[in-house]
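Take a look at the structure below.
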Amino acid sequence: IFLLARSWPLIAGIAGLPDLIGWVGAATAIGAAIIAGTRTDLKRILAYSTVSHLGLMAFALGLGEVGASVFHMITHGFFKAVLFLCAGNIAHGLGQATVSVSQAGGLAKRMPLTFACFTAAALSLSGVWPFAGFYSKDAILAAALHAGPAAAAAGLLVGALSAFYIFRMLFLVFLGPRPRQSGPGPVHEAEAVMAVPVIFLA
């Protein structure tokens with residue numbers, strides 16, 4: 001995305017190429033968000049989420065919004081770092097290398113700090129005001145709304161899907177557990193050396 005943004009004066013001069021990049025980005029954002037909503041491993045959910053947001057950045061470039069694309073790349077770097085580090089803290093707290101949603105549930109009371117940081121990052125990812133993700137996603141969505149009904153529909157769909165998969169993850173991991181979840185075994189909150197960076201990024 002950074003190289004595309006740096007090269008945009010050249011790319012924008014080629015007829016049809018910005019539109020192609022934009023629609024490939026939109027398809028990537030929608031497809032990866034749908035996959036993220038079906039995964040169970042915490043790291044895989046966040047990995048597909050990252051692919052989806054890279055697609056959203058390419059979509060913004062295709063709309064001619066270079067600034068909004070780079071802005072979202074920066075805000076995404078912060079809230080996605082928080083989410084990945086929270087997933088790592090959960091795995092560490094459970095004494096495992098990785099965790100699926102079936103092994104979690106009800107962690108909000110046992111890991112309140114991780115829950116608070118994860119919630120802040122999830123709200124940012126979803127584009128909720130006044131978190132950072134709101135401003136970058138709003139700029140992209142505003143451009144999509146001005147670009148026509150197809151772009152507007154794609155932008156709104158990406159926004160809705162991203163909110164769905166991240167809050168599905170939040171509800172399954174931190175609330176519950178549901179009957180189909182085994183629930184966590186012994187778990188502990190992250191030590192200061194792991195918690196402080198997450199708080200700073202959040």
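The values are calculated or read from the model by the stated rules, or taken from the named source; none is laboratory data. Since the structure is predicted, the reported quantities are computational estimates derived from the model, not experimental observations. We place every Cβ from the backbone using ideal geometry, glycine too, and count neighbours over all the protein chains shown. Calculation scope for accessible area: heavy atoms of the full protein, side chains included, ligands and nucleic acids excluded. Shrake-Rupley method; radii C 1.70, N 1.55, O 1.52, S 1.80 Å.
Points to keep in mind about this one:
- Restricting attention to segment 107-126, the residues that are in contact with a Leu (Cβ under 9 Å, 6 or more places away or on another chain), under 9 Å from Phe174 (Cβ atoms) and touching a residue at least 60 places away in the same chain (Cβ under 8 Å) total 3.
- Of the residues in segment 2-20, not one is over 15 Å from the mean Cα position of the chain (by Cα), closer than 23 Å to Ala160 by Cβ and modelled with pLDDT under 95.
- Entirely in segment 92-163, the helices (runs of 4 or more DSSP H) that have 2 or more residues that are open to solvent by less than 30 Å² (accessible area, probe 1.4 Å), closer than 27 Å to Met57 by Cα and in contact with a Cys (Cβ under 9 Å, 6 or more places away or on another chain): 112-126
- Candidate set from segment 29-53 (those that are open to solvent by 50 Å² or more (accessible area, probe 1.4 Å) and assigned to a helix (DSSP H, G or I)); member that is nearest to Ala87 (Cα to Cα): Lys43
- Pairing residues of segment 186-202 that are closer than 14 Å to Phe84 by Cα and open to solvent by 90 Å² or more (accessible area, probe 1.4 Å) with residues that are of a type outside the set (Val, Ile, Thr) and in a helix (DSSP H, G or I), at Cβ distances under 6 Å and at least 6 apart in sequence or on separate chains, gives no pairs at all.
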